[in-house]
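Structure record follows, encoded as structure tokens.
The values are calculated or read from the model by the stated rules, or taken from the named source; none is laboratory data. These numbers were taken from a predicted model, which means no experiment stands behind them. Here the Cβ positions follow ideal geometry from the backbone for every residue, glycine too, while neighbour counts run over all protein chains shown.
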Amino acid sequence: MTEVAADVGTAVTAILKHERVDQIDLIGFSWGSIAAARYAIQFPRRVARLALYSPLYGEFNRTWLDLIADPAD
């Protein structure tokens, strides 16, 4: 998951630079909602608004958490 959040960061940085803005609106869909939320938590000043559409899970799911969690977290 750390690598995915870093990939989101690379895309956000490129968009911010290209559009010459300080913040973007970030949308995460399904599994991407986890990466988008993680990025927004890490870099709140770069995200004006966050929309999470159809998040991967809406309840505690140990199996998925074990698969996608960063062991360092």
**Asked** Does ALA14 satisfy the condition of being under 17 Å from ALA69 (Cβ atoms) and not basic (Lys, Arg)?
**Response** no
**Item:** Complete set of residues in region 25-49 that are among the aliphatic types (A, V, I, L, M), surrounded by fewer than 17 Cβ atoms within 10 Å (Cβ to Cβ) and not in a helix (DSSP H, G or I)
**Value:** ILE27, ALA48
**Asked** Does ALA72 satisfy the condition of being part of a helix (DSSP H, G or I) and either among the small types (Gly, Ala, Ser) or at pLDDT below 90 (or both)?
**Response** no
